Amino acid sequence: MIEGRVRDVIASVFSVHPDELPARLDPDTLPGWTSLRQVQLVLALEQEFGVEVDPALVPELVSERAIVEMLAEAAA
């Protein structure tokens, strides 16, 4: 469930239809994944999931898997 919501947020931030996202999401597979988009993504995730992301974690959130793990920990 979290994975689907994360993919929807990523698709929204990168202006791509969720069905067009690659299976593995990270800066190497998703064109346009810049530091600015990274910040926009974190802000969108905070809004969608009602969490506050520690700014020190932002550089580590460079894959769908890392994002999902962070959100799962925040929900625990």
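The values are calculated or read from the model by the stated rules, or taken from the named source; none is laboratory data. If you're wondering where the values come from, they're calculated on a predicted model, not measured in any experiment. Neighbour counts run over all protein chains shown; Cβ positions are idealised from the backbone, glycine included. Just the protein is used for accessible areas: all its heavy atoms, side chains included, with ligands, DNA and RNA removed. Shrake-Rupley method; radii C 1.70, N 1.55, O 1.52, S 1.80 Å.
Solvent-accessible area assigned to carbon and sulfur over the chain amounts to 54 percent, based on a 1.4 Å probe. Using only side-chain charges placed at the Cβ, +1 for Lys and Arg and -1 for Asp and Glu, the dipole size of the chain relative to its Cα centre rounds to 160 debye. Look at the alpha carbon pairs under 8 Å that are at least 6 residues apart: their mean separation over the length of the chain gives a relative contact order of 37 percent. Relative to the longest principal axis of the Cα atoms of the chain, the long axis of helix 64-75 makes an angle of roughly 20 degrees. Taking 30 Å as R0, compute the FRET efficiency from the Cβ-Cβ separation of VAL51 and GLU20 and round it to 0.05. It comes to 0.70. The trypsin sites (Lys or Arg not before Pro) found in the chain that occupy coil by DSSP, while having at most 12 further C-beta atoms within 10 Å, are ARG24. In this calculation the C-beta distance from GLU3 to VAL39 is compared with R0 = 25 Å, giving a FRET efficiency of 0.70.
Taking the chain as the reference, fit the longest principal axis to its C-alpha atoms, fit the long axis of helix 2-13 to the helix C-alpha atoms, and give the angle between the two in degrees, 0 to 90, nearest 10. Relative to the chain, helix 2-13 is tipped by roughly 60 degrees. Surface exposure of the chain, expressed per residue as accessible area with a 1.4 Å probe, stands at 63 Å².
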